[in-house]
Amino acid sequence: MDAAKRIQELQEQLQYHIYRYHVLDDPVISDDAYDALYRELQELEAAHPDLVSPDSPTQRIGGQIRAEFTAVQHPRPMLSLSNAFNPEELRAWRDRFLRLLPAEQPEPAYVVEPKIDGLTVVLHYVDGSFTLGATRGDGIRGEDITPNLRTVKALPLGIPVTGGAQAPARIVVRGEAYMPIDAFEDFNRQQAAAGKRTYANPRNTAAGSLRVLDTAITASRPLKLFCYQVIELEGGPELASQWQALDYLRELGFPVSNHNRRFVDFDELVTYCVEWEDVRETLNFEADGLVIKIDDFATQERLGAVGNAPRWATAYKYPAPEAVTRLNRIVVNVGRTGTLNPAAELEPVRIGGVTVSNATLHNADYVAERDIREGDMVVVKRAGEVIPQVLGPVLELRPEGTQPWHMPERCPSCGEPVQRPEGEVAYYCVNSACPAQLVRSVEHFVSRGAMDIEGFGIRQAELFVELGLLHDVADIYYLQQDQLLPLEGFAEKKVDNLLAAIQASKERGPTRLLAALGLQGVGITVSRALVDHYGSLSALAAASRADLEQIPGIGPKLAESVVDWFAREPNRRILQKLEEAGVRTEAEAVEPAGPQPLEGLTFVITGTLPAMSRDQAKAYIEAHGGKVTGSVSGNTDYLVAGERAGSKLTKAEKLGVAVIDEAALRRLVSSEQDG
């Protein structure tokens, strides 16, 4: 047998055994037999390096140190979830979405899945080969961690893993990378024995392992994976429900949890959620709850999302673990909106696998009502399994001599008097020049999810504010080379790179800018909705509360927050300075050269077009007045289909949507213009 053929056979055999061991936990050969096959492949590849494939099992460990992660645009927003913490809240979620469905529509079925505590990953496959893997990031863009993910043995590099299924032309899958509890404990023991750093919990260890620059580190960590969502599919079967999608993922060889359940009776679902709290204690992975989804995709599409959460899904969360420790000191932090926030410095204590040394105390009233004092032994809870909070003191253990705590009369950052507006819980530092507020505002403004100014972080924010170079976030765009070169650590190349990054951020656009300005409740999803509606920040600034409330997903409180921000004179000055600095505050619009022939028409694009990429086709349609959406529905006028069109074509034919090719699209524009 020639070397090329034997190498291919060995690769296929080893991939199959990796799947049996790491995905099914059901190996069919011994470790010694696996090692023998692996060594044979290594020897053949060493003798024939030109035959080494990137997908070979021998290439799934080690790797080059990468300079940085590249941003990846997700095909669809990776939304968050609303939460329910008891059966009543779960029923309230159900009642809310049922009111939005037609009265004659039967109640939908539901799929329940474990809410795995790991790192969300988005996996891209083209013609059966793994081509790209990214983190969730900000939900719109993630970090390209493809080389790291290639080292995770539970991730199939090629699909289908076993026979019987056909690889789709393209599939994008969402999953969760995690570290099994027993593997985490073994890993920590090995670290301790080697005199190396140990880690606090499996979730953070898994996330950190995938976001390092050295893939050899990732390869050395015992990571696994569960997949649970088909984000995009072309050239595969038409999937009508989440349950079908899970079966399809399993058929292709993706690791899918065997704790998933489907319910047609909501009362049975609620009972299952309540009883599963005991089940999760027996699992070999951390799960902070269950995810409940409406099974039917058409109903999901009808319900849509509100803000950054789908209406058709929610998370059922379990009570967080608690512990008792000593509260050493109460400190006050100043937020970027001027709020004074008390926080507890604690004797470090482990809660739910995490070492906690700081916790929130919410506000002054919270501290006073519970009579929480410095020196108390206090009950600490991880709220939502993430943010620790002090629940209250253990009075039986209170030491003598403790004193009630009061909010300081002056800001701990700038020393100015603090105020508490009538009817509000919070205390405020109203000094708009307060360094603590400004530093945090600048830190948020330059962050990756906002204006994304590379090389600008909390240290630069603190330094520039301290030196008086920044009096508001707009001053970032007025920094000069001669101001920065004299500073320690700011060589000419570093200064030039920073100023270039600042200059580049001017073109981020009004959506990112609005999110960066830090209006209360206005993140990237809400920013996009507002900019899509008004087109510019100046138009948004003139909007009334009543106008804003007409936008889907914008409620009274959020509308009031937006109106209040633009009504403040200092904020209007910041906006003016940004515009004068050349920061783009208007959405880009293609000026029509004449009539818009596709105006009022909605298109969906699928498959590979002969002369245009999808982005080019989308731009072409929009330049002529049309609208492009991601999924076929009864509102779609045309499906533009190329080669290897998948389930979108099937759905279009089923709904009677007109199907055209690229040439017909051009004729449609031309004929309408001629007419």
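The values are calculated or read from the model by the stated rules, or taken from the named source; none is laboratory data. Predicted model only: the values in this text are computed from it and were never measured. Note: ideal-geometry Cβ built from the backbone for every residue, glycine included; neighbour counts use all protein chains shown.
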Residue tally, condition surrounded by 14 or more Cβ atoms within 10 Å (Cβ to Cβ) and modelled with pLDDT of 90 or more, over region 567-576
2
Search region 583-619 for residues being under 30 Å from the mean Cα position of the chain (by Cα), of a type outside the set (A, V, I, L, M, F, W, C) and at pLDDT 80 or above, and hand back the single one that is surrounded by the most Cβ atoms within 10 Å (Cβ to Cβ).
Thr606
Kindly list the number of the only condition in (1) surrounded by fewer than 18 Cβ atoms within 10 Å (Cβ to Cβ); (2) in a loop (DSSP other than H, G, I, E, B); (3) in contact (Cβ under 8 Å) with a residue 12 or more places away in the chain that fails for Gln550.
(3)
Somewhere in region 403-421, is a residue at pLDDT 90 or above, in a loop (DSSP other than H, G, I, E, B) and in contact with an Asp or Glu (Cβ under 7 Å, 6 or more places away or on another chain)?
yes
What strands (runs of 3 or more DSSP E) lie completely within region 67-175 and have 2 or more residues being surrounded by fewer than 20 Cβ atoms within 10 Å (Cβ to Cβ) and of a type outside the set (Lys, Arg)?
71-73, 82-84, 119-126, 129-135
Among the listed residues Thr339, Thr314, Thr402, Thr325, which satisfies the condition of being touching a Pro at 6+ places or on another chain (Cβ under 8 Å) and among the β-branched types (Val, Ile, Thr)?
Thr325
Matching residues, region 265-301, being outside any helix (DSSP H, G or I) and either modelled with pLDDT under 95 or surrounded by fewer than 13 Cβ atoms within 10 Å (Cβ to Cβ) (or both)
Asp265, Glu281, Thr282, Leu283, Asn284, Phe285, Glu286, Ala287, Asp288, Gly289
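When region 470-511 is examined, which residues are found to be part of a loop (DSSP other than H, G, I, E, B) and small (Gly, Ala, Ser)?
Narrowing region 470-511 to residues part of a loop (DSSP other than H, G, I, E, B): 470-472, 479-480, 485-491, 506-509.
Passing the criteria: Gly489, Ala491, Gly509.
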Here the qualifying pairs (Cβ atoms under 9 Å; residues six or more apart or on different chains; first in region 420-441 and of a type in the set (Lys, Arg); second crowded, with 21+ Cβ neighbours inside 10 Å and not in a loop (DSSP other than H, G, I, E, B)) come out as Arg440/Val334; Arg440/Ala461
Selection count where residues are more than 22 Å from the chain's Cα centre (by Cα) and small (Gly, Ala, Ser), scope region 285-319:
1
If you check Val563 against the conditions, is it in contact with a Ser or Thr (Cβ under 9 Å, 6 or more places away or on another chain), assigned to a loop (DSSP other than H, G, I, E, B) and modelled with pLDDT of 85 or more?
no
Being modelled with pLDDT under 85 and either in the same structural domain as Asp117 (by TED's automatic domain parsing) or within 24 Å of Ala313 (Cβ to Cβ) (or both) narrows Ala200, Ala245, Ala240 down to just Ala200
Does region 310-321 include one or more residues that are closer than 30 Å to Ser631 by Cα, in a helix (DSSP H, G or I), in contact (Cβ under 8 Å) with a residue 40 or more places away in the chain and β-branched (Val, Ile, Thr)?
no
Pair list, Cβ under 7 Å, 6 or more apart: region 346-372 residue in the same structural domain as Val332 (by TED's automatic domain parsing), other residue of a type in the set (Lys, Arg) and modelled with pLDDT under 90:
Ile351/Arg382; Gly352/Arg382; Val354/Arg382
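Taking Ser441, is it out of contact with any His (no Cβ under 6 Å at 6 or more places or on another chain), surrounded by 18 or more Cβ atoms within 10 Å (Cβ to Cβ), at negative phi and at pLDDT 85 or above?
Judged against the criteria, Ser441 is a match.
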Any idea which of Asp482, Asp496, Asp475 is surrounded by 18 or more Cβ atoms within 10 Å (Cβ to Cβ) and acidic (Asp, Glu)?
Asp475
Conditions (1) small (Gly, Ala, Ser); (2) crowded, with 20+ Cβ neighbours inside 10 Å; (3) at pLDDT below 90: number failed by Ala515
(3)
Out of everything in region 607-639 that is assigned to a loop (DSSP other than H, G, I, E, B) and of a type in the set (A, V, I, L, M, F, W, C), what residue ends up being nearest to Glu238 (Cα to Cα)?
Val632
